[in-house]
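> Sharing a structure here in structure tokens format.
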Amino acid sequence: MRLVRAEGMKQGAKRAWSWTIRLLGVVGAAVVMGCSSGDPGARTPLNSPYAAGAERENVMYTAFTQRSPKYLDPASSYSVDETPYTYQIYEPLYGYHYLKRPYELVPRTATRIVEPVYLDEAGNVLPPDVPGERVAQSVYDIPIKPGILFQPHPAFAVDESGRDRYRHLKPEDLEGKYAITDFPHTGTRELTADDYVYGIRRLATTRVVSPIYAHMTDYIVGFKEYGDRIRVVDAELRKGLDPTTRDLPWLDFRQYAFEGVEALDKYTLRIRVKGKYPQFKYWLAMTFFAPIPWEADQFYSQPGMAARNLTLNYWPVGTGPYMLTEYRENRRHVLTRNPNFRGEPYPCEGTEEDRAAGLLEDCGKPTPFIDRIVFSIEKESVPLQGKFLQGYYDVPQAERGEYGVAYLVAAGDSQEKAALYAERGLKLPTTVETQNWYMGFNWLDPVVGKGETPEQQERNRKLRQAISIAVDWEEYVTIFENGQAQVAHGPLPPGLLGYKDPPAGANPVVYDIDGEKVTRKPLEVAKRLLAEAGYPEGRNAQTGQPLVLNYDAMGGVSPAARSQFDWLQRQFGKLGIQLEIRSTDYNRFQDKMRRGVAQLFMWGWNADYPDAENFLFLLYGPNGKAKHGGENASNYTNPEFDKLFERMKYLDDGPEKEELIARMVSIVQQDAAWMFGYFPKSGGAYHQWVGNGKPTQMIRNHLQYMKIDPELRARKIAEWNRPVWWPVLLAAALLVLLALPAWRMVRRRDRAVAVQSDRPARSPA
């Protein structure tokens, strides 16, 4: 028994040492796996979003952080997290030139940007320069390029005899099918004008949530009446069905026409618009006006499809450069090059900055350049940033414009980060967005508003001008926007027709202009205006009471908000004005704005399309929020401005329109309708191997023009993520130190047992 025990202890020592060696191997392997070697045959690094070796493929890797897109159906899609997919998959009639500024419309599936034909009430053709008030209808006849094909899709699949394969399925036929790629057969067909007709008609149904339908009923002839009719038809189709069912009979919009939208022939789309509305052309650049093939609508309307998420919201069908080939909800989405895409050429014109940045080097080459775009979930920002800096993501988030700005700010705050970004060769271009933030004066307020009498109007104007001079927006941008914004001199941001850079576009009420030099007016000028307004040193000249103004803030009192409030109070304090902060939640704030009871407030606007009208309508009197429910939140009114706006909104781009815009901007500058605030910047964050990146929130099909240098990416990933061996050696040493005492103890016990077993056995007494 003693011999058996001794042998067991020897085996135990061997097992202990064996497990020690194995543990060292595991630790070493884990460290090596956590660092990419750049070897295509290596195992997948622990922190890489893709398999080792994939960095050598012509694939762009990016991330999303919240959830999967909710709507990929173009009738519903509008959110910024949806557009990276929809604008690559669908093609509206128009788009924007990728590089030109101001923004310029270009045809996508249309052969050209058309000018409408104007008709009077009797249907007679009017001359192109007719005053807008005389136009009863604007008729757009839009020619479509022949030969454009839809992406491969099972909705178009037919068998050898020409019968469709998948548009008359039974629920049991869907067994094992949860993605479009589960259908083995696909087909395609040519895009026609009828596909655009079908898509526009479909906006009217309650089966999809379309944010544009109500707005378009004001413009497209007969659209509201058509929507009312479709609701009746839909109710008949739903009769007797469970209200909660997702399986609804197909509503075939080919059977229900209306005069506002029709196909004149295979390649000509006609849209009738009420009156004259030059801005309508910009709506045709949005995916709301994307084509929908009736076959796809029928395909997805079959029983059992919705329960498997086989719908347009998950699996869109388009003619664009990419198609969706993988949808793993809240995990991963993949766009793959559409093999049927015609190869639209890369633009050859741009700004001098574009030329210097190499953005014109691919002039005329067919797009897209990238084979696949992989979107992976990253719920936390720290891992996302870490993987981006390691090279595993080419851009952090394709749709977001804050990353480049954030990296620039971080580099400005830290020499270490600045050196790292420079060493990594990060490209961080920025652009001023078609967006503004302003501080509004409520023109319904007796103190800061319009005023009842001419004398009071003049005093109130001088008060607003004094405050506009005193509030230093240059300082605000430096402190709270980290310098990544442009101080506004008027309501129009750069990139729009009518915008002028200072000094030509400088606000003469707030700034002194000396040649090319533009400086904010001295505080003494503001104090003089304040006294002329009846508030010398910030006190009422009649009563001696201090001037107290109320600022309504949209949000709680966070530390960041408190610092902004303190800054604002100091700005008003320069004039002796007391600023009371009334902070509330956003719903309560909106209610105050609807009722017109907020005295001072901060708000912003992001343009739907790049036209001056989309900003100047924020100051149009009949658009007042309190009285008319419009977007004129300050309730500003000026008869001259309103008259000019009514003329300007009918004008096509050109010198006359520019002249009117300049006059309107001058009016609101003199009135100090707003403190014009600033225009935010957005910025791209691209690795050195990413080409043709130009940040903008206006152009959404940007991924079509970007490119990747996979070999450079592979080299840099290998260089930046070389295996680090010292942790392995350190771990090995620590494990040896830990295991050695145990091994020695086992050896001593083993020897003791062996000696004892060699002693002669005693005879029994």
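> Might you check whether a residue that is hydrophobic (A, V, I, L, M, F, W, C), closer than 26 Å to Val135 by Cβ and buried (at least 21 other Cβ atoms within 10 Å of the Cβ) occurs anywhere in region 652-661?
yes
> Filter region 571-625 for residues that are among the charged types (D, E, K, R) and part of a strand (DSSP E or B) and give the result.
Passing the criteria: Glu580, Arg582.
> Let me ask something else. Contact list please: Cβ distance under 7 Å, first residue in region 324-347 and free of Cβ contacts under 8 Å to residues at least 24 places away in the same chain, second residue part of a loop (DSSP other than H, G, I, E, B) and surrounded by fewer than 16 Cβ atoms within 10 Å (Cβ to Cβ), pairs at least six apart or on different chains.
Once the first residue is free of Cβ contacts under 8 Å to residues at least 24 places away in the same chain and sits in region 324-347, its partners that are part of a loop (DSSP other than H, G, I, E, B) and surrounded by fewer than 16 Cβ atoms within 10 Å (Cβ to Cβ) give Pro345/Gly364; Pro345/Lys365.
> Still on this model: Spot the failing condition for Tyr50; the list is (1) in a loop (DSSP other than H, G, I, E, B); (2) at pLDDT 95 or above; (3) surrounded by 15 or more Cβ atoms within 10 Å (Cβ to Cβ), and only one is missed.
Checking Tyr50 against (1) in a loop (DSSP other than H, G, I, E, B); (2) at pLDDT 95 or above; (3) surrounded by 15 or more Cβ atoms within 10 Å (Cβ to Cβ), the one that fails is (2).
> Scan Met664, Met675 and give me the residue that is part of a helix (DSSP H, G or I), at pLDDT 95 or above and either crowded, with 17+ Cβ neighbours inside 10 Å or outside the structural domain of Glu104 (by TED's automatic domain parsing) (or both).
Criteria check complete, one pass: Met664.
> Answer yes or no: is there a residue in region 166-184 that is within 19 Å of Arg254 (Cβ to Cβ), of a type in the set (A, V, I, L, M, F, W, C) and assigned by TED's automatic domain parsing to the domain that holds Leu237.
No - not one qualifying residue is present in region 166-184.
> Can you tell me which condition Glu631 does not meet? The list is (1) surrounded by fewer than 19 Cβ atoms within 10 Å (Cβ to Cβ); (2) farther than 30 Å from Ala526 by Cβ; (3) under 31 Å from the mean Cα position of the chain (by Cα), and all the others hold.
(2)
> Determine whether region 358-372 contains at least one residue that is farther than 30 Å from Leu191 by Cβ and not assigned by TED's automatic domain parsing to the domain that holds Thr186.
yes
> Another question about this same structure. Within region 165-208, count every residue that is within 23 Å of Glu259 (Cα to Cα), in contact (Cβ under 8 Å) with a residue 60 or more places away in the chain and in a loop (DSSP other than H, G, I, E, B). Step through it out loud before you land on a result.
Kept after step one, since they are within 23 Å of Glu259 (Cα to Cα), are these residues of region 165-208: 191-208.
Within this subset, residues satisfying the condition of being in contact (Cβ under 8 Å) with a residue 60 or more places away in the chain are 191-203, 208.
When the remaining residues are screened for being in a loop (DSSP other than H, G, I, E, B), the result is 191-192, 203, 208.
The number of residues fulfilling the criteria is 4.
> Please enumerate the residues belonging to region 383-412 that are within 26 Å of Asn701 (Cβ to Cβ), at pLDDT 95 or above and among the aliphatic types (A, V, I, L, M).
Result: Val395, single match.
> Follow-up. Checking the conditions here, which among Tyr98, Tyr140, Tyr103 is more than 23 Å from Pro316 (Cα to Cα), surrounded by 16 or more Cβ atoms within 10 Å (Cβ to Cβ), out of contact with any Phe, Trp or Tyr (no Cβ under 7 Å at 6 or more places or on another chain) and not small (Gly, Ala, Ser)? Don't jump to the end; show me each part of the working.
On the way: Tyr98 fails: out of contact with any Phe, Trp or Tyr (no Cβ under 7 Å at 6 or more places or on another chain); Tyr103 fails: out of contact with any Phe, Trp or Tyr (no Cβ under 7 Å at 6 or more places or on another chain).
Going through Tyr98, Tyr140, Tyr103 in turn, the sole match is Tyr140.
> Give region 332-349 a look and list any residue that's out of contact with any Lys or Arg (no Cβ under 8 Å at 6 or more places or on another chain) and under 16 Å from Pro84 (Cβ atoms), or say none.
Correct list: Arg332, His333, Asn338.
> Right, Tyr620: among the hydroxyl-bearing types (Ser, Thr, Tyr), without any contact (Cβ under 8 Å) to a residue 60 or more places away in the chain, under 30 Å from Tyr118 (Cβ atoms) and surrounded by 14 or more Cβ atoms within 10 Å (Cβ to Cβ) or not?
Considered against the rule, which asks whether it is among the hydroxyl-bearing types (Ser, Thr, Tyr), without any contact (Cβ under 8 Å) to a residue 60 or more places away in the chain, under 30 Å from Tyr118 (Cβ atoms) and surrounded by 14 or more Cβ atoms within 10 Å (Cβ to Cβ), Tyr620 comes out as yes.
> Next question. I'd like to know if region 232-241 contains one or more residues that are assigned to a helix (DSSP H, G or I) and in contact with a helix residue (DSSP H, G or I) (Cβ under 9 Å, 6 or more places away or on another chain).
Yes; the residues of region 232-241 include at least one that is assigned to a helix (DSSP H, G or I) and in contact with a helix residue (DSSP H, G or I) (Cβ under 9 Å, 6 or more places away or on another chain).
> Among Trp567, Trp605, which is at negative phi, among the aromatic types (Phe, Trp, Tyr) and touching a strand residue (DSSP E or B) at 6+ places or on another chain (Cβ under 6 Å)? Talk me through it step by step, then tell me what you get.
Values: Trp567 fails: touching a strand residue (DSSP E or B) at 6+ places or on another chain (Cβ under 6 Å).
Exactly one residue qualifies, and that residue is Trp605.
> Right, next: Which residue, of Glu353, Glu262, Glu349, is of a type in the set (Asp, Glu) and assigned to a strand (DSSP E or B)?
Selected residue: Glu262, the only one of Glu353, Glu262, Glu349 that is of a type in the set (Asp, Glu) and assigned to a strand (DSSP E or B).
Okay, residues lined up against (1) under 27 Å from Lys100 (Cβ atoms); (2) in a helix (DSSP H, G or I); (3) in contact with an Asp or Glu (Cβ under 8 Å, 6 or more places away or on another chain):
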{"site": "Gly483", "(1), (2), (3)": "yes, no, no"}
{"site": "Pro493", "(1), (2), (3)": "yes, no, yes"}
{"site": "Asp512", "(1), (2), (3)": "no, no, no"}
{"site": "Val518", "(1), (2), (3)": "yes, no, yes"}
{"site": "Gly534", "(1), (2), (3)": "no, no, no"}
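> Report every pair of residues separated by at least 6 positions or lying on different chains whose Cβ atoms are under 9 Å apart, first residue within region 649-663 and within 13 Å of Gly505 (Cα to Cα) and without any contact (Cβ under 8 Å) to a residue 40 or more places away in the chain, second of a type in the set (D, E, K, R) and part of a helix (DSSP H, G or I).
Going by the 9 Å Cβ cut-off, the qualifying pairs are Arg663/Glu640.
> What pairs come out if I take residues in region 220-245 that are without any contact (Cβ under 8 Å) to a residue 40 or more places away in the chain and pair them with residues that are polar (S, T, N, Q) whose C-beta lies under 6 Å away, six or more apart or interchain?
That search, which allows pairs on different chains as well, returns Phe223/Thr217; Lys224/Thr217; Ile230/Thr205.
> Then there is this: Any chance region 689-708 includes a residue that's touching a helix residue (DSSP H, G or I) at 6+ places or on another chain (Cβ under 8 Å) and more than 23 Å from Ser79 (Cα to Cα)?
Yes, region 689-708 contains at least one residue that is touching a helix residue (DSSP H, G or I) at 6+ places or on another chain (Cβ under 8 Å) and more than 23 Å from Ser79 (Cα to Cα).
> Taking into account only those residues within region 67-114 that are part of a loop (DSSP other than H, G, I, E, B) and small (Gly, Ala, Ser), which is modelled with the lowest pLDDT?
Ser79
> Which condition does Pro503 not pass, out of (1) over 15 Å from Gln670 (Cα atoms); (2) part of a loop (DSSP other than H, G, I, E, B); (3) in contact (Cβ under 8 Å) with a residue 60 or more places away in the chain, if it passes all the others?
(3)
> Of all residues in region 541-593, how many are under 26 Å from Lys462 (Cα atoms), surrounded by fewer than 13 Cβ atoms within 10 Å (Cβ to Cβ) and among the polar types (S, T, N, Q)?
Here the count works out to 3.
> Further question: Could you list all residues from region 105-137 that are basic (Lys, Arg) and within 37 Å of the chain's Cα centre (by Cα)?
Arg108, Arg112
> Only one of these conditions is not met by Gly495: (1) more than 30 Å from Gly401 (Cα to Cα); (2) among the small types (Gly, Ala, Ser); (3) at pLDDT below 95. Which number is it?
The single condition Gly495 does not satisfy is (1).
The values are calculated or read from the model by the stated rules, or taken from the named source; none is laboratory data. Just so it is clear, the model here is predicted, and its values are computed rather than measured. Quick reminder, even Gly has a Cβ in these numbers, built from the backbone with ideal geometry, and neighbours come from all protein chains shown.
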